Amino acid sequence: MEVYAGLAGIPVVKSSISYIDGEKGILEYRGIPIEELAANSNFLETSYLLVFGNLPSVEEYNRFVKDIKYNLSLDEGIIRFLKDLPKNTHPMKVLQSIIPILSSFDENRDVLNEKHHYSSLVTLLGKVPTILASWKRIREGKKPVNPDPELDYAENFLYMLTEKKPDKEVAEIFDKCLILHAEHTINASTFTAIVVVSTLADFYSAVSSAVGSLSGRLHGGANERVFHMLNELKNNENIHDYVEEKLRKKERIMGFGHRVYKTYDPRAKIIKELLNKVTKIKGKTALIHIAEELEKIVLEKLRKKKIYPNIDFYSGILYHLLGIPIDFYTPVFAMARISGWVAHCKEYIKENKLFRPTQIYDGGHNIKYLPLEKRK
């Protein structure tokens, strides 16, 4: 019997949620190219599309937005919970801890009742941005900012984070970033979510587990490491030498290469365009010049090996310009990916089968027990 380490290349589900062609650089949500959605849709509409399989009608969309806005507010008990946490707790740990508690506020959380899926979705999409923004304020010794019912989803998050109402165009750019992070087929965190929901645990447990998976350094957090790398390069006069040294040591250059894409990540192209728009509003920083020079040199060296920038390369710089703290880059990723995780849980549960892989045993047999006093 053969072992497929990490299940690499092994299909575990059939899905109609998203599609990737890594050779051609194609990403589609429910058959719609990501470029179309980034240009014409918004995050909440895209979330509805992912979870329910179709773009919403006017009535469906208005109800969806209204219900999510209602859920932006946090119960005082959640605020007290946040205030009691150690101030050095990483926001991903905060999310992973508090998301299961949200189920206590949702009576309609039975995963076998399809009507309950909507309730879990709007609760998660509503509460998570407020939890993140509130934690950022609380750890700084400041009072959380209440959501503003007049602001849209992206505007509210940036407002609650900074206590300043963002420029409308800047908020729209951030909203498009959320679209790009919302879904990406079966990856480690999405697989984690459907494994958990296959036990008939609720969506809150599944999403919390997915957050834990995303927090690992091999999955989420790459945009944080890219940002740190670019900061270090500010003091390095010769980027070319930096690249040569990395290649000589066979070390990875953060923000380049992808397990699936063998060409330019389509999301990275869009992020780069969005960053250019932000810089026209906020000005171009030294980090952007460094990133552009680094991209040019790396592509000269590695294009033939089909290694290109991925979505993480420019997203950290963009978030920095929006006033988002470095350790919140991955939590923002998680905030956006909720709709993808829920979509896969909802799809999988329709023909649910409990995950129960097997193993190949390679240990010993018939080993005698040795009493404690005789052990060395």
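The values are calculated or read from the model by the stated rules, or taken from the named source; none is laboratory data. Keep in mind that this is a model prediction, so the values were computed, not measured. For neighbour counting, all protein chains shown are included, and Cβ atoms are generated from backbone atoms with ideal geometry for every residue, glycine included. Just so you know, the surface numbers come from the protein's heavy atoms only, side chains and all, with ligands and any DNA or RNA stripped out. Shrake-Rupley method; radii C 1.70, N 1.55, O 1.52, S 1.80 Å.
Data for the structure
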item: Two-site label geometry, residue 164 and residue 234: point separation in nm, points 7 Å out along Cα→Cβ; result: 1.8
item: Å² per residue, accessible surface of the stretch 238-348 at 1.4 Å; result: 42
item: Cα shape, the stretch 206-283, gyration tensor, a/c 1.5 rule; result: oblate
item: Gap separating the Cα centres of the stretch 37-54 and the stretch 136-160, nearest whole Å; result: 23
item: Dipole moment magnitude, nearest 20 debye, the chain about Cα centre, only Lys, Arg, Asp, Glu C-beta charged; result: 1300
item: Span-like helix ranges in the chain, DSSP H, alpha carbon extent 18 angstrom or more, Kyte mean at least 0.5; result: 286-302
item: Residue among 193, 182, 291 with the largest mean-square fluctuation in a Gaussian network model of the chain, springs linking Cα atoms under 10 Å; result: 291
item: Per-pair calculated FRET efficiency, R0 = 51 Å: residue 251 and residue 146 via Cβ, rounded to 0.05; result: 0.65
item: Rounded FRET efficiency, nearest 0.05, which uses the C-beta distance separating residue 285 from residue 262 and R0 of 22 Å; result: 0.10
item: Prolate/oblate/rounded call for the stretch 1-92, Cα gyration tensor, a/c under 1.5 rounded; result: oblate
item: Charge-dipole axis of the chain as Lys and Arg at +1 and Asp and Glu at -1 on Cβ define it, positive-most pick from 25, 364, 223; result: 364
item: Relative contact order (%) - the stretch 20-99, alpha-carbon pairs under 8 angstrom, separation at least six; result: 15
item: Cα-based shape type of the stretch 146-272, given that a ≥ b ≥ c are square roots of the gyration tensor eigenvalues and the cut on a/c is 1.5; result: oblate
item: Computed lengthening from residue 277 to residue 57, 0.36 nm per intervening residue step minus Cα-Cα distance; result: 76.2 nm
item: R0 of 25 Å, Cβ-Cβ distance residue 21-residue 218: FRET efficiency to nearest 0.05; result: 0.60
item: Per residue, in Å², the accessible surface of the stretch 48-195 once ligands and nucleic acids are set aside, probe 1.4 Å; result: 45
item: Dipole magnitude of the stretch 33-190 about its Cα centre (Cβ charges: Lys, Arg +1; Asp, Glu -1), debye to nearest 20; result: 920
item: Residue of 274, 302, 178 that the Gaussian network model of the chain assigns the largest fluctuation, springs spanning Cα pairs under 10 Å; result: 302
item: Share of carbon and sulfur in the accessible heavy-atom surface of the chain [1.4 Å probe, %]; result: 50
